[in-house]
Each structure stands twice: as structure tokens, then as C-alpha cells.
1. Where does each of Lys77, Lys189 land when they are ordered by accessible area, with a 1.4 Å probe and the largest first?
2. Measure off, as a whole percent, the carbon and sulfur share of the 1.4 Å-probe accessible area of segment 67-151, all protein chains present.
3. Gain in length, His188 to Ser104, computed as 0.36 nm per residue apart minus the alpha-carbon separation, to one decimal in nm?
4. With +1 assigned to the C-beta of every Lys and Arg and -1 to the C-beta of every Asp and Glu, and no other charges, what is the dipole magnitude of segment 50-198 about the Cα centre in debye, to the nearest 20?
5. Set the Förster radius R0 to 25 Å, insert the Cβ-Cβ distance between Ala115 and Arg63 as r into 1/(1 + (r/R0)^6), and round the FRET efficiency to 0.05.
6. Could you list which residues have their amide H under 5 Å from that of Arg158, counting only those 5 or more apart in sequence or on another chain, with H placed in the peptide plane?
7. Contour minus end-to-end for Thr81 and Ser147, with contour as 0.36 nm per residue of separation and end-to-end as the Cα-Cα distance?
8. What FRET efficiency comes out for the pair Glu173/Ala122, r = Cβ-Cβ distance, R0 = 22 Å, nearest 0.05?
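The values are calculated or read from the model by the stated rules, or taken from the named source; none is laboratory data. Since this is a predicted model, take the numbers as computed values, not measurements. Here the Cβ is made from the backbone with ideal geometry for all residues, glycine too, and neighbour counts use every protein chain on show. To get the accessible areas, we keep the full protein, side chains included, count just its heavy atoms, and leave off ligands, DNA and RNA. Shrake-Rupley method; radii C 1.70, N 1.55, O 1.52, S 1.80 Å.
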Amino acid sequence: MPSPSQGRNPWARRCAALALALLVPLSATACRSASEPSAAPERLSRSDAQASLASHPVETRTRIRRVHGRLPDPRRKAVRTQVGAVVDRWWDAAYLGGTYPRSSFPSAFPGFTDAAEQRARADKALLTNQTRAPHVDAVTPRRRTVSLDILATRGRARSVTAHVLLRFDSTGERPATTTVRGRLFLTHKRGAWRIFGYDLAKGSTR
């Protein structure tokens with residue numbers, strides 16, 4: 001089977017996915033834009049949108065879906081908290097944080113392994129808000145959920161598949177609702193959970 005980094009066209013590069021050994025068997029998945037019906041968001045000034053976000057914060061809902069192997073409850077809770085924080089840092093760096101409008105996302109991949117970050121930089125159109133950012137005044141998160149499948153051996157979590165869903169509204173020249181969904185694959189490395197692969201799709205609707 002050819003290496004994922006060989007012979008890809010630009011669209012295929014956006015469908016990067018790595019198998020998480022022994023955790024969840026992965027089948028070939030077509031990466032396609034989400035196209036969910038949504039009412040066009042009301043155009044707000046940047047100050048109004050920021051005030052709305054501040055007064056109605058959307059917290060990330062993180063839950064454990066399955067555990068493969070034995071893992072004590074305290075360690076399950078620790079994994080849920082730590083992995084949720086990794087996903088949140090990426091979302092904030094890549095989509096929700098910073099000042100808009102903007103044209104670059106130089107530090108968009110906190111918590112990624114070096115190899116995964118290198119691949120992700122080639123996929124910035126998918127893994128960040130870079131394509132819409134120059135035309136956006138502000139972003140407001142609407143939904144943030146993370147569901148975890150954990151692989152454990154000898155009472156410790158070894159790897160995690162995080163099923164993620166982020167939805168946010170953009171205001172400005174091109175208002176839209178954007179949805180990012182799919183899977184992140186994480187391993188415990190150098191004392192922390194780090195993202196080593198992804199299988200994601202992103203789409204926007206007016």
C-alpha cells in the first residue's frame with residue numbers, strides 16, 4: 001500500500017488519517033465538506049459579537065465513549081480532562097482565538113507531535129480558519145464536543161481516539177457557520193497527550 005505522503009493530490013492531502021493500532025479499526029474515509037442546513041447568522045459588529053461570546057460562553061463537553069482494557073476511574077477522569085484540554089488548545093489557536101480579520105496562523109497546532117504538525121501545516125486550509133480569516137470580523141463558538149475511545153493496558157491509558165465536533169459562527173464580510181468534525185489520534189508522549197494524526201472534514205454554510 002503506498003505511503004500516505006506519496007502520490008497525493010491537494011484534495012487527498014486534506015484527508016490525512018492514521019490508523020490507531022488496536023484501538024478502532026479504520027476504514028478508508030472520503031474527506032468531504034460538511035453541508036448542514038443553517039440559517040444565515042445575523043451580521044454583528046465585532047464588539048457586539050465579542051460581548052455575546054463573553055456573556056454566553058460555550059464550554060467544551062468531553063465524555064468517555066469506550067474504554068478498551070482496564071482503567072481505574074481516577075485515571076479515566078484524568079485522561080478526559082487532559083485530552084479535552086489538548087483539543088481546546090488546538091481549537092482556540094486554529095479557529096476561535098486571536099484577533100480578526102487576520103491572514104496567518106503561525107502557532108496553530110499546540111499539542112501536535114513534530115511529524116503531525118509538519119503535515120498539518122500543509123493542511124492549514126482544513127485545520128485552521130485561514131481561508132476565511134481575512135474576511136471575518138469575529139468568531140463565536142456554538143458547539144464544542146469531544147468523545148473519547150481509550151486504549152488501556154496494565155491500568156494505564158496508552159492511546160486515544162477523540163471524536164470531535166466544533167461549530168462556530170463568523171461575522172464580517174463573509175458571514176457563515178463553520179463545522180469541523182472527525183477524529184484526532186493521540187498518544188502519551190514525553191509526559192503529555194499529543195496529537196499524532198487526524199481524519200477531519202470542514203464545511204461552511206451561509
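1. Working: Lys77 120, Lys189 90 Å².
So, going from the largest accessible area down, we get Lys77, Lys189.
2. It is 46 percent, rounded to a whole number.
3. 27.3 nm is the gain from fully extending His188 to Ser104.
4. On the way: 28 positive and 11 negative charges, 185 e Å.
That gives segment 50-198 a dipole magnitude of about 880 debye.
5. Numbers: r = 29 Å, r/R0 = 1.14.
The calculated FRET efficiency here is 0.30.
6. Leu151, Ala152, Thr153
7. Stretched out fully, the Thr81 to Ser147 stretch lengthens by 22.6 nm.
8. So, using R0 = 22 Å, E works out to roughly 0.25.
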